[in-house]
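The values are calculated or read from the model by the stated rules, or taken from the named source; none is laboratory data. All values derive from a computational prediction rather than experimental measurement. In this analysis, Cβ positions are derived from the backbone assuming ideal geometry, glycine residues included, and neighbour counts consider all displayed protein chains. Just so you know, the surface numbers come from the protein's heavy atoms only, side chains and all, with ligands and any DNA or RNA stripped out. Shrake-Rupley method; radii C 1.70, N 1.55, O 1.52, S 1.80 Å.
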Amino acid sequence: MEVTIEFYGGLKQLAGASEWTLTLEEGGSYRVRDVLERLFLALPELRGRLTSLAFALDDELVGEKHPLVDGDRLGLLPPVSGG
Amino acid sequence: MDARRWIREEPLNLEALLDETDDVRCGALQIFAGTVRDSNDGRRVLSMTYEAHRGLAARTLEKLERETKQRFDVPVCRIQHRTGHLALGEVSVYVVVRAPHRASAFEAARYAIDMLKRVTPIWKHEHYADGDSQYLDGTPLRVEPASEPSPDSGSRP
């Protein structure tokens, strides 16, 4: 199955792209945390920022335990600075 | 939900917001406008880019409007934020509050912009005169406890 990670704010510079698509083994059940662990392998600097990140799915904030399905687009949101 | 009601990629239209919110029950109209200024932390700023998680930002601002109206008992609270590249002096955000009397109008508008800065998934990218640019530090978002699934749930519809 595939999950697309969307990088927001300064995370785009860290990732070198606005989004990545991860391919996960079929048949498994995955939560946000599982996908993050895969991401940390490629972006180890992200692990140190985990406590300041929020996650968005279907225009809602979700936690690390939230399940993911094929085709999901998961937003990684760094600390906000609007206004 | 039409996200354009809260998030726009073109210059904001205050007159349209005032027309939309016209209400003869209200004797007070409070407008807050945020504009791009030319310096930050001792650095000369040339322009600003605002980025948003558009769908979540729209939902967040819609909820903030409702919450502000209820909390301060004001009939009108409208918020619009612009995204994209803004020049110095351009308006990034409007908060428009109308209330019967001025005290609640002042308080509601202040609350709305203070909360917006803390809860809305929007990011400032500053562009400096020396050619450098940076995303500004900000406030971490927090998911509400009700949004977390129970440990036993492993699937979604």
Matching entry among B:Arg37, B:Arg4 (being under 30 Å from A:Glu60 (Cα atoms) and modelled with pLDDT of 95 or more) | B:Arg4
Subset of region A:57-67 [at the interface with chain B (Cβ under 8 Å from one of its Cβ atoms) and outside any loop (DSSP other than H, G, I, E, B)] = A:Glu60, A:Leu61, A:Val62, A:Pro67
Filtering region B:69-79 down to residues that are among the aliphatic types (A, V, I, L, M) and part of a strand (DSSP E or B), which residue is farthest from the other protein chains (Cβ to nearest Cβ)?
-> B:Val76
Inside region A:16-38, can you point out the residues that are among the polar types (S, T, N, Q), open to solvent by 70 Å² or more (accessible area, probe 1.4 Å) and within 12 Å of A:Thr4 (Cα to Cα)?
-> A:Thr21, A:Thr23
For A:Leu74, indicate whether it is in contact with a helix residue (DSSP H, G or I) (Cβ under 7 Å, 6 or more places away or on another chain), at pLDDT below 95 and surrounded by 14 or more Cβ atoms within 10 Å (Cβ to Cβ).
-> no
Would you check which residues across region B:8-49 are polar (S, T, N, Q) and surrounded by 14 or more Cβ atoms within 10 Å (Cβ to Cβ) and list them?
-> B:Asn13, B:Thr21, B:Gln30, B:Asn40, B:Ser47, B:Thr49
Selected residue (criterion: nearest to B:Thr83 (Cα to Cα)) from residues of region A:16-43 that are over 11 Å from the mean Cα position of the chain (by Cα) and within 14 Å of another protein chain (Cβ to nearest Cβ) | A:Ser18
Single residue of B:Arg82, B:Arg59, B:Arg66 found to be within 14 Å of chain A (Cβ to nearest Cβ), among the basic types (Lys, Arg), open to solvent by 60 Å² or more (accessible area, probe 1.4 Å) and under 18 Å from the mean Cα position of the chain (by Cα) | B:Arg59
Filtering region A:4-15 for residues that are assigned to a helix (DSSP H, G or I) and either under 10 Å from the mean Cα position of the chain (by Cα) or over 15 Å from B:His53 (Cβ atoms) (or both) leaves a count of 3
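Residue-wise test of (1) over 18 Å from B:Arg37 (Cβ atoms); (2) outside any strand (DSSP E or B).
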residue	(1), (2)
B:Val96	yes, no
B:Phe106	yes, yes
B:Leu116	no, yes
B:Asp130	no, yes
B:Leu141	yes, yes
By residue number, the members of region B:16-52 that are away from chain A (no Cβ under 13 Å), free of Cβ contacts under 8 Å to residues at least 60 places away in the same chain and part of a strand (DSSP E or B) are B:Ser39
Within region A:57-71, how many residues are surrounded by fewer than 17 Cβ atoms within 10 Å (Cβ to Cβ) and either more than 20 Å from A:Leu46 (Cα to Cα) or among the polar types (S, T, N, Q) (or both)?
-> 5
Scanning region B:92-114 residue by residue, the ones that are open to solvent by less than 30 Å² (accessible area, probe 1.4 Å) and within 14 Å of chain A (Cβ to nearest Cβ) total 7
